[in-house]
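The values are calculated or read from the model by the stated rules, or taken from the named source; none is laboratory data. Because the structure is a prediction, the values reported are computed rather than measured. Positions of Cβ are generated from backbone atoms using ideal geometry, with glycine treated the same way; all protein chains shown enter the neighbour counts. Quick note on the areas: whole protein, heavy atoms, side chains included, nothing else; ligands and nucleic acids left out. Shrake-Rupley method; radii C 1.70, N 1.55, O 1.52, S 1.80 Å.
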Amino acid sequence: MTQETPDAPPLRLALIGGGIAGVTLLLALLKHTSRTHITPHLYEATPQFSEIGAGIAFGSNSIRAMERISSEMAAAYNKHATFQPDSGALEKKLWSSYRMGMDGKNGLKAGDYLHEVHAAVARSSVHRARFLEAMTALLPDEGEGYVSFSKRLVGILDNEAEGTVTVQFADGTEEVVDAVIGCDGVRSRVRQILLEGEEAAEPVFSGKYAYRGLIPMEEAVAALGEDTARNNHFHWGYDGHLLTFPIEHGRTMNVVAFRTKMDGVWEHGGRWVLPGDQEKMLRDFKGWGKDVQAILGLMRKADIWALYDHAPASIYYRGSRMCMLGDAAHASTPHQGAGAGMAVEDVWVLSRLLAEVRGKADLERAFRAYDAVRRPRTQRLVRSSRDAGILYECQKEGVLDDVEKIRADLDDRMWWIWDLDLDAHLQEALDVFRDGA
Ligand SMILES: Cc1cc2nc3c(=O)[nH]c(=O)nc-3n(C[C@H](O)[C@H](O)[C@H](O)COP(=O)(O)OP(=O)(O)OC[C@H]3O[C@@H](n4cnc5c(N)ncnc54)[C@H](O)[C@@H]3O)c2cc1C
């Protein structure tokens, strides 16, 4: 434990952004730090907490991180999560099936199985909006006194002499705090300021976009059969792929239909989400197999999302006064379904480090230790996830010629994410923190 500064006022931390990362961090700080040392306050740009009506999957690593952050958070997740039906007598649970979504050039036909990946823990996923609601309900008085809405961060002034920062909002108000933690997502303003002058400050179009929509499960079962409708499936194709999984306790099928934009450019005047366009979607998947056509035909209101990620940031903090976490630090494409899970891990490590902080002098050490253990792991996901998107869309030379190679690749792709020893990982961060004293 660090030396306590006598009568030091609590450190004021401004958390910017109230998505999964920001709300989880607020919950974790309220649980693991004392108000005599740290006072967190979350500033969210929108008038209320909001998430989209789509599904999100969490691997066993993220669920273990939730359990460590707070048993209430893990219980909220478990209450709303849909656990994929077990695959019979297998010792390991089915994580996902991979099938052809269209005919392949080498004789593979639409519907042919490529592989099944299994995990030690059943795959689970949750409706994003329900989960965020459940988490915000865990905040004392629903966040009263700890959360301000309609506060869009526009600037950060570094008051070096006082060792503080002034956070400035679009409505003209400002607050002086000891440090700011950016949880403001892929288009993070905190990241732009923290990495000012670096190319990595801005997100990059990954070259892919996705239609996201939902289907009532009974309709999906009638069209596809029980197994295809109720279990997680990837449908592979050339320059596109589909992902489906159950949410809302199996009442709804979540669908994401991905396409590559062959010119690699996203225009649309800075808009990353466009209203659904059924005709364009059907055109995009013309000639694909019957399951894919059935899924697309049943999809409700499928908005189009441009998929951006981040080139590796050289650092996740600046001195003792700025840090970033979640997508703000390491937005990845969604092809391994692990971005939000990484944010939950970030929170576990950073909140436990901040629990050790007793004065301003400790803050930089905590941020440095967080950066040292979290940056390599989270940036690996960004790289690996891009690579997975290329694999599922048969953009690797001769990929379908060797199905055994695909199987080996898929078997290896998730274990390093799921198998993290969280306690050893945290210990590593605590060692860096203590060594820096
Ligand atoms: C199609 C798709 C599928 C995905 N599937 C999965 C999955 O299955 N599993 C998984 O783990 N991950 C998945 N991800 C990734 C996951 O969505 C993100 O990693 C996660 O939502 C990041 O959370 P966040 O809180 O960091 O950012 P966000 O969810 O983007 O939240 C940022 C918050 O900050 C606020 N904000 C932004 N700017 C400001 C500002 N200037 N001032 C104040 N507030 C601001 C926003 O309003 C928002 O509330 C998927 C992503 C996509 C696109």
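All of VAL344, VAL373, VAL357 fail the test of being touching a residue at least 24 places away in the same chain (Cβ under 8 Å), within 16 Å of the ligand (Cβ to nearest atom), of a type in the set (A, V, I, L, M) and farther than 18 Å from ARG99 by Cα, apart from VAL344.
In segment 40-66, what count of residues is obtained for those that are more than 17 Å from the chain's Cα centre (by Cα) and within 11 Å of the ligand (Cβ to nearest atom)? Break it down stepwise before answering.
Here is the first cut: in segment 40-66, the ones more than 17 Å from the chain's Cα centre (by Cα) are 40-48.
Next cut, within 11 Å of the ligand (Cβ to nearest atom) only: 42-48.
So the answer is 7.
Scanning segment 293-323 for residues that are open to solvent by 40 Å² or more (accessible area, probe 1.4 Å) and of a type in the set (Val, Ile, Thr) yields a single hit, ILE315. In this structure, THR244 does not qualify as at pLDDT below 95, out of contact with any Asp or Glu (no Cβ under 6 Å at 6 or more places or on another chain) and of a type in the set (Ser, Thr, Tyr).
Counting only strands (runs of 3 or more DSSP E) wholly contained in segment 106-164, the ones carrying 3 or more residues that are surrounded by fewer than 15 Cβ atoms within 10 Å (Cβ to Cβ) occupy 153-159. Restricting attention to segment 388-433 and to residues that are touching a residue at least 40 places away in the same chain (Cβ under 8 Å) and of a type in the set (Lys, Arg), the residue that is farthest from VAL344 (Cα to Cα) turns out to be ARG407. Taking the stated definitions as given, is ALA302 more than 10 Å from the ligand (Cβ to nearest atom), touching a Lys or Arg at 6+ places or on another chain (Cβ under 7 Å) and either of a type in the set (Phe, Trp, Tyr) or within 28 Å of ALA222 (Cα to Cα) (or both)? Considered against the rule, which asks whether it is more than 10 Å from the ligand (Cβ to nearest atom), touching a Lys or Arg at 6+ places or on another chain (Cβ under 7 Å) and either of a type in the set (Phe, Trp, Tyr) or within 28 Å of ALA222 (Cα to Cα) (or both), ALA302 comes out as yes. Of all residues in segment 217-241, those satisfying the criterion of being outside any loop (DSSP other than H, G, I, E, B) and over 19 Å from GLU116 (Cβ atoms) are MET217, GLU218, GLU219, ALA220, VAL221, ALA222, ALA223, GLY240.
When GLU364 is tested against (1) open to solvent by 30 Å² or more (accessible area, probe 1.4 Å); (2) closer than 30 Å to THR228 by Cα; (3) out of contact with any Asp or Glu (no Cβ under 8 Å at 6 or more places or on another chain), only condition (2) is not met.
For ILE69, the conditions (1) β-branched (Val, Ile, Thr); (2) crowded, with 21+ Cβ neighbours inside 10 Å; (3) within 13 Å of the ligand (Cβ to nearest atom) all hold with the exception of (3).
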